[in-house]
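Quick notes on the structure that follows.
Values in this text are rule-based calculations from the coordinates and carry no lab data. Source: prediction; values computed, not measured. Quick reminder, even Gly has a Cβ in these numbers, built from the backbone with ideal geometry, and neighbours come from all protein chains shown.
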Amino acid sequence: MNLVVGATGFLGSDICRLLIQQGQPVRALVRTTSDPAKKEALQSLGIELIVGDLKDPASLAAACQGVGAVISTASVTISRQPDDSIQAVDLDGQLNLIEAAKNAHVARFIYVSYSGNIDVDCPLKTAKRTVEQAVKESGMTYTILRPSSFMEVWLSPIVGFDAANANVTVYGAGQNKISWISLHDVAQFAVASLTNSAAQNVVLELGGPEALSPLEVIKIFEAASGKTFTVQYVPAEALQSQLDAATDPIQQSFAALMLAVTQGDEIDMTATLQSFPLRLTSVEEFARR
Ligand SMILES: NC(=O)c1ccc[n+]([C@@H]2O[C@H](COP(=O)([O-])OP(=O)(O)OC[C@H]3O[C@@H](n4cnc5c(N)ncnc54)[C@H](OP(=O)(O)O)[C@@H]3O)[C@@H](O)[C@H]2O)c1
């Protein structure tokens, strides 16, 4: 049995779908507060739902019973309830999950972190790197996935990239290259990690097929849509001031992530693709969808 934690999220739901396509059994941790439509969608795929919360260790002990592998994508960055916080969920909650998995003799643990190039200090970075270390020390066979920026999030209106209206916000000067990756490709790596021996006890930095600056990305979208985009710039200095002034850990982490985007995030996938022969989605393909 494979337990997916974060199963109602963008990435977790894609991982669930891929596992089912491969005929693998899936148990999804969902919350009483999770979107009912997302829970129904999981159930209609034949997925076993179990109610739990990363803040509730007893629920995690129950969820891990009879499980061979845990894949955890959960985070409060986008989807959170009033009592969720980075400390309680991304840090303590993920540590609760590792403990529960160890106690239930789970063999494999796959943890979705973020790119090693994202190095601006913030509560989310502390949580991600602390959990990575705990996964490594857990005694379970582990894979730590460190993806770069998801196309579906960072090239979407969520962060001001409104391609439909040809209006985008660029963080920084827009000239540093990023290895944008489709979250569907991250899902493929997560699922492949269950069986690929090259995924055992490793940290995998994950990027798309090419590193492109935000300004290059805009040109690709302009060519795909035939429209000229209006571009607003948020200077890196403004993001640094936002980070310095923020007192809420979520606001600090958002400012830090946007500041990290200004610095670029290039990941060379040549060696990784030799062990994981997956075809990666390009920004151009994404723009034409
Ligand atoms: N976006 C990017 O560019 C990017 C880049 C690199 C890495 N990542 C990482 O990729 C991962 C997946 O991202 P995503 O876009 O799929 O996130 P998402 O759509 O926001 O999904 C988050 C998931 O976490 C669950 N969750 C939140 N709090 C929880 C709690 N207390 N207990 C149990 N589950 C809880 C949510 O459940 P509910 O539905 O019940 O709220 C949801 O299923 C994250 O760890 C993120 O840091 C993202």
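Here are a few things to note about the model shown:
- Options V26, V67, V76; residue that is within 13 Å of the ligand (Cβ to nearest atom), crowded, with 17+ Cβ neighbours inside 10 Å and not aromatic (F, W, Y): V76
- Segment 222-279: number of residues that are hydroxyl-bearing (S, T, Y), crowded, with 16+ Cβ neighbours inside 10 Å and over 20 Å from D121 (Cβ atoms): 1
- Residue within segment 38-50 that is in contact (Cβ under 8 Å) with a residue 24 or more places away in the chain, in a loop (DSSP other than H, G, I, E, B), within 6 Å of the ligand (Cβ to nearest atom) and surrounded by fewer than 23 Cβ atoms within 10 Å (Cβ to Cβ) present: no
- Just one of the listed residues (A101, A41, A74, A37) is under 20 Å from S138 (Cβ atoms), more than 17 Å from the chain's Cα centre (by Cα) and of a type in the set (G, A, S), namely A101.
- Summed over segment 79-124, the residues that are buried (at least 20 other Cβ atoms within 10 Å of the Cβ), under 26 Å from A246 (Cβ atoms), away from the ligand (no atom under 11 Å from the Cβ) and without any contact (Cβ under 8 Å) to a residue 60 or more places away in the chain give a count of 1.
- Residue match in segment 3-14 (condition: within 15 Å of T73 (Cα to Cα), more than 6 Å from the ligand (Cβ to nearest atom), surrounded by 17 or more Cβ atoms within 10 Å (Cβ to Cβ) and without any contact (Cβ under 8 Å) to a residue 40 or more places away in the chain): yes
- In the condition set (1) more than 25 Å from Q133 (Cβ to Cβ); (2) among the polar types (S, T, N, Q); (3) within 21 Å of the chain's Cα centre (by Cα), Q252 is compliant with all but (1).
- Candidates V217, V203 - the one that is in a helix (DSSP H, G or I) and not acidic (D, E): V217
- Residue in segment 46-57 that is over 22 Å from the mean Cα position of the chain (by Cα), closer than 19 Å to V191 by Cβ and among the charged types (D, E, K, R) present: yes
- Set A238, A173, A199, A166: member being among the hydrophobic types (A, V, I, L, M, F, W, C) and touching an Asp or Glu at 6+ places or on another chain (Cβ under 9 Å): A166
- Any hit, segment 125-136, residues being outside any helix (DSSP H, G or I), over 19 Å from V5 (Cβ atoms) and within 15 Å of the ligand (Cβ to nearest atom): no
The rows are residues; the columns are (1) of a type in the set (F, W, Y); (2) out of contact with any Asp or Glu (no Cβ under 9 Å at 6 or more places or on another chain).
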| residue | (1), (2) |
| --- | --- |
| K102 | no, yes |
| F109 | yes, yes |
| D119 | no, yes |
| P123 | no, no |
| A134 | no, no |
| T141 | no, yes |
| E152 | no, yes |
| L183 | no, no |
| F189 | yes, yes |
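- Among (1) in contact (Cβ under 8 Å) with a residue 24 or more places away in the chain; (2) more than 16 Å from the ligand (Cβ to nearest atom); (3) surrounded by fewer than 23 Cβ atoms within 10 Å (Cβ to Cβ); (4) not basic (K, R) - the single one D162 does not satisfy: (1)
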